[in-house]
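The values are calculated or read from the model by the stated rules, or taken from the named source; none is laboratory data. Since the model is a prediction, treat every value here as computed from it, not as a measurement. Backbone-built Cβ (ideal geometry, glycine too); neighbour counts: all protein chains shown.
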Amino acid sequence: MIIDRAEVVVTSPDRNFVTLKLTTDDGLTGLGDATLNGRELSVVSYLRDHVVPLLLGRDAARIEDTWQFLYRSAYWRRGPVTMAAIAAVDVALWDIKAKAAGMPLYQLLGGACRSGLLAYGHASGKELPELFDSVREHQEQGFRAIRIQSGVPGLVNIYGIASNARFEANAGVRYDHEPAQRGALPAEEDWDSRAYLRHLPTVFEAVRNEFGPELPLLHDAHHRLTPIQAARLGRSLEPYDLFWLEDCTPAENQEALRLVRRHTVTPLAIGEVFNTVWDYQQIIREQLIDYVRSAVTHTGGITHLRRVLDFAAQYQIKSGMHGPTDISPVGMAAALHLGLAIHNFGIQEYMPHGAKTNAVFRQTFTWDNGLLHPGEQPGIGVDLDLDEAGKYPYAQAYLPFNRLADGTVHDW
Ligand SMILES: [Mg+2]
């Protein structure tokens, strides 16, 4: 099992995806997701120019050794570009090892800890009737847990809310499914924390009145609040029993969560922009969060995210892996195998990909009665159709950014 070929495939069916494909001298192939939303080509260069030459001729069986070699020999550690590139190599090697063993990856990771993975979907609406329709649609699709994002009076374009104008501007891809818009410049959105803090509890009150007390509800504050604002939001949402409040403050400052924690018992989830165990060191040890939001794709692969989640398990902190559409089907498959095998699985974010994406990446995972399962095909269970992928060249796209009413750039 010597790595004989390493190809970096860029394709843009519904959005941009970067995939690493490794082939061994005995003909086994493995796939890894290296998609970094809005900065895709930087990972392509990292892989093509600096990692692929190091992989050729290496023993594909030595996953841990390869991980340590790529992490330590670069000297410049961590960061989203580096860790997405290492993740792609790691997942491709696990895919190869599981194929060589003739078993689905979750079996190699210790076997199933549950029969399926609880997943949550994204409901959104500018006004309540639209939001209620969106919640009902998700329930009809089988979702048993739902994230709620709402418009805020006075704000026109905000994170997480679809609109018809945006649908047309982005070639028919729903904005609440894909905030990265194709084009040469990032879209500008609006923000006002005080208006949001006044409005959001009324939305959750209405949703609870309409859908009852049992449905698990989540919400993403998307890094836009100060610690004291986040504390106030968590406290004001307590009557509505959230499954979690996500990214309530900018994630860089782990200490901020001490203040939030002091004032609210609303469960907290954070970490989709983190990429190593070091980013979690304080918030896990001090039990400042309840869910780890990292994706396999952005956190050094199966090898490293498992290390984070094993650390978290000592503190009864569970997984809540990031799973928007910019996690490719390859990254999602890796997440499902890991989630099935760990004991401290919490919930999986799930936004179904579009038909074009599913034709490029042929998948074996199942979605049944609100539960995801990675399937029983040896490896991670995803095949990349290079002919289909070749139909969709890279298209420049950026995530949006926020400005306040006075023109100040704000966290998005
Ligand atoms: Mg989020």
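Asp59 fails exactly one of the following numbered conditions: (1) farther than 27 Å from Asp326 by Cβ; (2) within 19 Å of the chain's Cα centre (by Cα). What is the number of that condition?
Failed condition: (2).
Looking for something part of a loop (DSSP other than H, G, I, E, B), in contact with a His (Cβ under 7 Å, 6 or more places away or on another chain) and modelled with pLDDT of 95 or more - is there at least one such residue anywhere in region 263-270?
no
If you go through region 182-196 one residue at a time, do you hit one that is crowded, with 20+ Cβ neighbours inside 10 Å and either aliphatic (A, V, I, L, M) or free of Cβ contacts under 8 Å to residues at least 12 places away in the same chain (or both)?
No: zero hits.
Kindly evaluate Leu259 against the criterion of being away from the ligand (no atom under 16 Å from the Cβ) and not in a loop (DSSP other than H, G, I, E, B).
Taking the combined requirement at face value, the residue satisfies it.
Name the single residue that is surrounded by the most Cβ atoms within 10 Å (Cβ to Cβ) among those in region 346-356 being within 30 Å of Pro267 (Cβ to Cβ) and more than 16 Å from the ligand (Cβ to nearest atom).
This residue is His353.
Going by the structure shown, is Asp383 more than 29 Å from Tyr71 (Cβ to Cβ), of a type in the set (Asp, Glu) and away from the ligand (no atom under 16 Å from the Cβ)?
Spelling it out, it is not the case that Asp383 is more than 29 Å from Tyr71 (Cβ to Cβ), of a type in the set (Asp, Glu) and away from the ligand (no atom under 16 Å from the Cβ).
I'd like the full set of residues that are surrounded by 22 or more Cβ atoms within 10 Å (Cβ to Cβ) and within 13 Å of the ligand (Cβ to nearest atom), limited to region 267-290.
Within region 267-290, Leu268, Ala269, Ile270, Gly271, Glu272, Phe274 qualify.
Tell me, which strands (runs of 3 or more DSSP E) wholly within region 1-107 include 2 or more residues that are touching a Leu at 6+ places or on another chain (Cβ under 6 Å), buried (at least 19 other Cβ atoms within 10 Å of the Cβ) and among the hydrophobic types (A, V, I, L, M, F, W, C)?
Correct list: 3-11.
Tally the residues that are surrounded by 16 or more Cβ atoms within 10 Å (Cβ to Cβ) and basic (Lys, Arg), restricting the search to region 216-266.
Residues that pass the stated criteria total 3.
Residues of region 191-219 being under 17 Å from Arg235 (Cβ atoms) and not aliphatic (A, V, I, L, M), which ones?
Scanning region 191-219 gives Ser193, Arg194, Tyr196, Arg198, His199, Pro201, Thr202, Phe204, Glu205, Arg208, His219.
Out of the residues in region 213-232 meeting the condition of being away from the ligand (no atom under 13 Å from the Cβ) and either under 20 Å from His122 (Cα atoms) or not in a helix (DSSP H, G or I) (or both), tell me which one is farthest from the chain's Cα centre (by Cα).
Pro213
Under 6 Å between Cβ atoms, at least 6 apart or on separate chains: pull out the pairs that start in region 107-121 with a residue that is closer than 21 Å to Phe243 by Cα and end on any residue that is part of a loop (DSSP other than H, G, I, E, B).
So the pair list comes out as Ala119/Tyr350; Gly121/Phe143.
Note down all Cβ pairs under 7 Å where the first residue falls in region 280-296 and is at positive phi, the second is more than 16 Å from the ligand (Cβ to nearest atom) and not in a helix (DSSP H, G or I), and they're at least six residues apart or on different chains.
Gln287/Tyr315
For region 396-412, what are the residues that are assigned to a loop (DSSP other than H, G, I, E, B) and in contact with a Pro (Cβ under 8 Å, 6 or more places away or on another chain)?
The answer is Leu399, Pro400, Asp411, Trp412.
Which pairs do you get when a residue that is of a type in the set (Asp, Glu), found in region 81-94, comes within reach of a residue that is in a helix (DSSP H, G or I), reach meaning Cβ atoms under 7 angstrom, with the pair 6+ apart or on two chains?
Note: pairs meeting the criteria are Asp90/Ile63; Asp90/Trp67; Asp90/Gly301; Asp90/Ile302; Asp90/Thr303.
Given the conditions (1) at pLDDT 95 or above; (2) surrounded by fewer than 15 Cβ atoms within 10 Å (Cβ to Cβ), report the number of the one that Asn164 does not fulfil.
Condition not satisfied by Asn164: (1).
Table: residues versus (1) in a loop (DSSP other than H, G, I, E, B); (2) at pLDDT 95 or above; (3) of a type in the set (Val, Ile, Thr); (4) surrounded by fewer than 17 Cβ atoms within 10 Å (Cβ to Cβ).
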| site | (1), (2), (3), (4) |
| --- | --- |
| Ser294 | yes, yes, no, no |
| Leu309 | no, yes, no, no |
| Gly323 | yes, yes, no, no |
| Gly331 | no, yes, no, no |
| Leu340 | no, yes, no, no |
| Asn358 | no, yes, no, yes |
| Gln377 | yes, yes, no, no |
| Tyr394 | yes, yes, no, yes |
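Return the residues of region 197-212 that are under 22 Å from Arg144 (Cβ atoms), free of Cβ contacts under 8 Å to residues at least 12 places away in the same chain and part of a helix (DSSP H, G or I); say none if nothing qualifies.
Across region 197-212, the qualifying residue is only Asn209.
Based on what the data block shows, is Gly390 more than 28 Å from Gly110 (Cβ to Cβ) and under 18 Å from the mean Cα position of the chain (by Cα)?
no
Might you check whether a residue that is within 15 Å of the ligand (Cβ to nearest atom), charged (D, E, K, R) and assigned by TED's automatic domain parsing to the domain that holds Ala231 occurs anywhere in region 291-309?
Scanning region 291-309 turns up at least one residue that is within 15 Å of the ligand (Cβ to nearest atom), charged (D, E, K, R) and assigned by TED's automatic domain parsing to the domain that holds Ala231.
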